[in-house]
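To start, the structure under review is shown below, and the notes come after it.
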Amino acid sequence: MTSEEQKNARRKAMHLLEVMSRTEKGLSDRLRQAGFSEEAVIDAVEYVKSYGYIDDQRYAYSYLSGSADYKSKRKMFQELQRKGVSGEIISNVWEEFQEINDISEREVLKKTILKKCEPESELSEKEMRRLYGFLARRGFAFEDISAVLNELKIKQQPVRLW
């Protein structure tokens with residue numbers, strides 16, 4: 001690694017972090033994609049870490065704060081792991097986050113459903129399928145979806161055979 005490559009990698013890392021917050025893995029991947037050597041990537045990541053510009057724990061807390069109102073715990077954990085945050089960090093941050101925010105996954109699910117339809121609605125088979133798919137993609141369990149739909153008295157219209 002030349003000193004020029006080191007300087008360019010550090011500059012690129014700083015620029016990438018100006019645009020948006022990233023995990024350590026996310027920043028490393030972007031620097032590799034930009035064509036920097038492994039040594040330059042490691043150096044640049046250590047450089048920004050030394051100034052506190054990158055912190056996976058802070059990133060995870062920020063992510064949970066922005067996603068907890070519409071995603072399940074399982075979905076948030078999967079996405080954070082995909083972004084390179086360790087399971088240990090995610091678990092610790094989740095415990096801290098829950099203590100402060102008192103998040104109930106069932107309440108999040110109920111709010112999400114109520115944004116899509118009124119209580120005591122009758123949905124067509126197609127609408128019900130779409131609702132289940134929408135909620136499942138956000139990581140909610142089938143049992144929880146069914147229970148909240150029953151609680152809200154949202155049902156599927158009877159199927160007519162002719």
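The values are calculated or read from the model by the stated rules, or taken from the named source; none is laboratory data. Since the structure is predicted, the reported quantities are computational estimates derived from the model, not experimental observations. All Cβ positions, glycine included, derive from the backbone under ideal geometry; neighbour counts span all protein chains shown. The protein model used for the area step is the full one, side chains on, heavy atoms only, and it has no ligands, DNA or RNA in it. Shrake-Rupley method; radii C 1.70, N 1.55, O 1.52, S 1.80 Å.
So the values come out like this:
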| quantity | calculated |
| --- | --- |
| Flagged links, alpha-carbon separation over 25 Å, of LYS126/LYS153; LYS116/LYS155; LYS7/LYS49; LYS83/LYS115 | LYS83/LYS115 |
| Around ASP56: net Lys/Arg minus Asp/Glu count, Cβ-Cβ under 11 Å | +2 |
| Helix-only [θ]222 nm of the chain, DSSP H runs n ≥ 4, -39500 (n - 2.57) each, per residue, nearest 500 | -21500 deg cm²/dmol |
| Length released on extending from LYS155 to ILE103, taking residue separation times 0.36 nm less the Cα-Cα span | 16.1 nm |
| Whole-Å semi-axes of the stretch 90-161's equivalent ellipsoid (Cα gyration tensor) | 29, 12, 9 |
| Calculated SAXS-style log₁₀ I(q)/I(0) at q = 0.11, 0.21 Å⁻¹ - the chain, Debye, Cα scatterers | -0.60, -1.21 |
| Residue-count net charge about SER28 - beta-carbon cut-off 10 Å; Lys, Arg +1, Asp, Glu -1 | +1 |
| Viscosity 1.002 mPa s, temperature 20 °C, Stokes-Einstein D of the stretch 1-79 from Kirkwood C-alpha radius, µm²/s | 160 µm²/s |
| The chain - accessible surface per residue (Å², probe 1.4 Å) | 64 Å² |
| Residue among TYR59, VAL85, LEU114 farthest towards the positive dipole end of the chain, charges placed on Cβ | LEU114 |
